Amino acid sequence: MNFDLLLDPLFRVPFLTGLLLAALLPLIGMYLRLRHEWLAALAFAQMASAGALLAMVAGWPMILGGVLAALVAALAKGLMARAGAYALMMLLAWGGGVLLVANHPLAEQAGHALFDGQLYFTGDGHLLAAGIACAVVVPLLSWLSRPLLLGRLFPEFYRARGLDARPRLMLFDLIAGLSVALATVSLGVMAAFALVFVPPLVAYRFARSWRAGMALSAVIGMGGYSVSFAVSLGLDQPFGPVCAVVLVMLVASASLDPSRM
Amino acid sequence: MAEVLLRVTGLVAGYAAPVAGPLGFELRRGEILGLAGPNGAGKSTLLKALWGGVRVFGGHIEKAPGLAISHQAQGFDDLRGVPLTGRELLGLTGATPDGLPPWLAGRLGERLDRLSGGQLQFLRLWACLAVPADLILLDEPTNNLDRAGVAYLADWLGRAHSGQGIVVVSHDHGLIDAVCTRVVEVGA
């Protein structure tokens, strides 16, 4: 165990990158859960992973490939608007990703990194991208909150007034895809999914209002992430699996009923 | 004479095929019109047709320019587990809490899933009723309301609402008789 590494300046950029994403992803997850679309986060993450691998093989920046693939997934989801679309995207991304890993020597290493989470190798570019994502997505989410909530509670609200809510809902799909893609190439597939899924699960159970739920989910995301970062660094373990386990333990300790998830 | 908000002539509506109509009526500001008829007559379908929620196969709907419509639909998504307060719910549709019954007004800060079924239903109804709209369409508004809610709704609708026109579909003849200024029969 070496917890002195936590104070090493080398890990400041990775830590801050992950912390920003750990605050952002639960906010996205609150609305995905509201819309019964939390599985979309896994589809976005898988697509981003496959896109990043494809980009690496083609000699492009992985982050670019991941973001582009997730944006394509978000567009497809918005246009198809069916839950089955997520499953098809996941299967396609998984199949394509595994085939790349099996047939390209460079992709094998990168594939493991994407699965395990390559947070410690993120650089200033990732931090800048995460910072820009937070600066853009948080105000956009605030603007989209009302149409997203109305879409679940009063789905006819806009149409009865002669308005079309679909462009705003598609914008949400795009920013969700973008955010999950950024997180996937920084934190790994399952850590990104865990940060979208678990904090809102706890916030829905305990928050006293929607606003409080948003704040609580972000705090849980950042707290769970920080603990995971410290544990994985101190015990020299891959970040992604540690993050997933820590967050699931959080659910267990909060005594949430798994049958209601 | 009050402004005409809606003029409907020979309206036939449905989904893949026509299922309801023809229907014709005129609604002026301040009027409460009841759509009555047996089950399966297509009252809810015709109500939806007034704002474009279903396909119109025939007839004509003429609306006053800039008409703002609020529609309370039958049946709601299950909101158990969603951390939303009553105040936040009303804020979504722009409904005012002024005029809420006392047994609900004091509970607006609570999560919706802490309210009784009747209270939640009334709040959802109120979110569609107490909004800045010219035309309010109510589809079986007494469904799932408790006795206190039905009584309060009838009282609220019975008071003069000169600024709005209201169309009510209900199997509750007591409500229709008590609050509607006019009733139009929809054939089976």
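All of the numbers you see were taken from the coordinates with simple rules; none came from a lab. Being a predicted model, the structure only gives us computed values, none of them experimental. Positions of Cβ are backbone-derived with ideal geometry, glycine not excepted, and every protein chain shown enters the neighbour counts.
Computed from backbone phi with θ = phi - 60° and the Karplus coefficients 6.51, -1.76 and 1.60, the 3J(HN,Hα) list for segment B:140-155 is 6, x, 8, 4, 6, 7, 7, 4, 5, x, 4, 5, 5, 5, 4, 5 Hz; x is used for glycine and proline.
Between A:ALA58 and B:TRP103, the modelled labels are 6.4 nm apart [label points 7 Å from Cα along Cα→Cβ].
Annotation: amide H-H contacts under 5 Å for B:ALA68 (H modelled 1.01 Å from N, sequence separation of 5 or more, or interchain): B:ASP134, B:LEU135. Under the criterion of Cα pairs below 8 Å and six or more residues apart, the relative contact order for segment B:18-68 equals 37 percent. By the beta-carbon count within 10 Å of each Cβ, the least crowded to most crowded order of A:MET62, A:MET47, fewest first, is A:MET62, A:MET47. Amide H contacts of B:VAL183 (H built 1.01 Å from N, in plane; Pro and chain starts excluded): B:GLY34 sit under 5 Å, all sequence-distant by 5 or more or on other chains. Residues of segment A:34-62 with an amide N closer than 16 Å to a point placed 7 Å from the Cα of B:ASP77 along the Cα-to-Cβ direction: A:34-41.
Values of log10 I(q)/I(0) for the protein assembly as shown across q = 0.06, 0.07, 0.08, 0.12 Å⁻¹ run -0.34, -0.45, -0.56, -0.98, by the Debye formula with one identical scatterer at each alpha carbon and no solvent. Pairwise Cα distances in segment A:3-260 exceed 28 Å in 31 percent of cases. Here the protein assembly as shown is assigned +1 on the Cβ of each Lys and Arg and -1 on the Cβ of each Asp and Glu. Its dipole about the Cα centre then comes out at about 580 debye. Of the residues A:ALA85, A:LEU187, A:LEU233, the one whose Cα sits farthest toward the positive end of the charge dipole of segment A:3-260, with +1 on the Cβ of Lys and Arg and -1 on the Cβ of Asp and Glu, is A:ALA85.
Are there DSSP H segments in chain A that both extend 20 Å or more along their axis (alpha-carbon positions) and score a mean Kyte-Doolittle hydropathy of at least 1.0? List them, or say none. Helices meeting the span and hydropathy rule in chain A are A:12-34, A:39-58, A:62-80, A:83-103, A:124-153, A:166-187, A:189-206, A:210-234, A:239-253.
Annotation for A:GLN109 and A:VAL136: the two label points, set 7 Å from Cα along the Cα-Cβ direction, are 3.1 nm apart.
Its Cα centre serving as origin, chain B has a Cβ charge dipole (Lys and Arg +1, Asp and Glu -1) of approximately 180 debye. In the protein assembly as shown, a dipole from Cβ-located charges (positive for Lys and Arg, negative for Asp and Glu) runs towards its positive end, and of A:TYR31, A:ALA165, A:ALA102 it is A:ALA165 whose Cα lies farthest in that direction.
Summarising the label geometry, the points placed 7 Å from Cα in the beta-carbon direction at B:THR96 and A:ALA215 lie 2.9 nm from one another. Comparing B:LEU129, B:VAL169, B:PHE57 along the charge dipole axis of chain B, the residue lying farthest to the positive side is B:PHE57, per the Cβ-charge model. Computed from backbone phi, the HN-Hα couplings of segment B:57-67 come to 9, x, x, 8, 10, 10, 10, 5, x, x, 4 Hz, rounded to whole numbers (Karplus: 6.51 cos²θ - 1.76 cosθ + 1.60, θ = phi - 60°; Gly and Pro given as x). Taking the alpha carbon gyration tensor of segment A:84-194, multiplying each eigenvalue by 5 and rooting it gives semi-axes of 34, 19, 9 Å, largest first.
Annotation: the residues B:THR96, A:THR122, sorted from fewest to most other C-beta atoms within 10 Å of their own C-beta, follow the order B:THR96, A:THR122.
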